[in-house]
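Report on the structure given below.
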Amino acid sequence: MEVYDLAHQLARALNRSSEYNDFCSAKAKLWSNKQNVEMLQNFRRQQLEAELAALKGEQLDPSKKQRLEESYHILSFNPTIMAFLEAEGRLARLLADIQKILADALPEFTPGEMEPGEAVRKNEEEIG
């Protein structure tokens, strides 16, 4: 049960963190203005389209690329949207760091082609 207790303790700490609270405040401010929400959603649709093209190995149409750059330029002048994006980024970094810490603590759980015990042997070699 100790692992679950610690997980709940971590969840409470995350809920009280400045990163999460800043994100919630920025999100509330963003959502208080429908035009800001629509601008951000439009930008994210364009961003997703560009990312999907890249994943498929396709070149993004130059006009779409320019429209994406122009959209970001416009967003960069909106302090509410930029504050939200910055807060979202800080929270995402915190969560990614925690995920890495947890993954690094469980080397045998890492997917790959290691034989059973190979990660433990490598870890023992590094330590000793």
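None of the figures in this text is laboratory data; all of them are computed from the coordinates on show. This one's a predicted model, so the numbers in the text were calculated from it and none came from an experiment. Every residue, glycine as well, gets a Cβ built from its backbone with ideal geometry; the counts of neighbours run over all protein chains shown.
Note on the range 2-127: Cα Rg divided by 2.2 N^0.38 Å, N the number of residues, gives 1.49.
Loop sites here are GluC sites (Glu not before Pro) outside DSSP states H, G, I, E and B with no more than 16 other Cβ atoms within 10 Å. The longest part of the chain free of them is 1-57. Among VAL3, VAL37, sorting on how many other beta-carbon atoms sit within 10 Å of each Cβ, with the fewest leading, yields VAL3, VAL37. Shape class of the range 26-81 from the alpha-carbon gyration tensor: prolate, with a/c at 1.5 or above and a/b greater than b/c. This ranking places ARG90, ARG45 by how few other beta-carbon atoms lie within 10 Å of each, fewest first, which gives ARG45, ARG90. Counting only Cβ charges, +1 for Lys and Arg and -1 for Asp and Glu, the dipole size of the chain around its Cα centre is about 960 debye. What residue among LEU55, ASN15, MET82 has its Cα farthest toward the positive end of the dipole of the chain, where the charges are +1 on Lys, Arg and -1 on Asp, Glu, each on the Cβ? Comparing the listed Cα positions along the dipole, MET82 ranks first.
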